[in-house]
Amino acid sequence: MLIATFRLELDALALAETFERHPERVATHDTDWTMPCLWAANADFEALDGTLANDPTVDSIVETVRFDDEKDYHSDWSDDIQERIDAYVDHEGSLLSAAATADGWRVRFRFVARDQFDAFREVLTEERYSFRLLELVQPDEPRHSIGVLTPIQREALRAAREHGYYSVPREISTRELAAELDMSHQNLSEVLRRATENPVEATLQPTTSD
């Protein structure tokens, strides 16, 4: 069994139109996919109400609750969105949780085995949706997790990304990045190696037999 956490673009699931018009909005829900809960603060609620009513991924707003400068929405997804999710989880997968912001959806899926996990990624690729694997865990095996990093490793990766270390062509050298982090060149090289070792090992794990 695999538990995978992905970052998906909004178009891969729902609410892309709403977030395009209201990028500061936040939509979240957990395991109850059929009844998403959306939350907004300090917004033009009349405009947001209209946007949600016209969003093709939302069938209807079932209930709203207003608290001064905040408002909660409970809604039903359209049939197209339900079918899209059914297509995703048809590969022996189940949606465990999901949360969205203007940056995209963060979703957790459980897959029976590696081939179902690979099939899910193939569906996203075929549909031309961009995605990023954030974490891969095998609960029934020794842990191979992309998300488990030490604070130093996380900071080094964050700085490397922000300064263009992983860009093509590379925008900063290892020595220059080490100076930014007040670390030795050798120490930074070791930190980055260890930080990227887990995701590589997790990705190359052989499929477990049932």
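The values are calculated or read from the model by the stated rules, or taken from the named source; none is laboratory data. Everything numeric here is computed off the predicted structure, so don't read it as measured data. With ideal geometry, Cβ positions are generated from the backbone for all residues, glycine too; neighbour counts draw on all protein chains shown.
If the condition is being over 15 Å from Asp11 (Cα atoms) and not charged (D, E, K, R), then region 53-86 contributes Ala53, Asn54, Ser60, Ile61, Val62, Thr64, Val65, Phe67, Tyr73, His74, Ser75. In region 47-77, of all residues being modelled with pLDDT under 85 and not in a strand (DSSP E or B), the one that is surrounded by the fewest Cβ atoms within 10 Å (Cβ to Cβ) corresponds to Asp68.
Restricted to region 78-97, and to residues there that are at pLDDT below 80 and part of a loop (DSSP other than H, G, I, E, B), the residue that is surrounded by the fewest Cβ atoms within 10 Å (Cβ to Cβ) is Asp90. Taking the criterion of being touching a His at 6+ places or on another chain (Cβ under 6 Å) and within 29 Å of Glu17 (Cβ to Cβ), the residues of region 104-142 that qualify are Ala119, Phe120.
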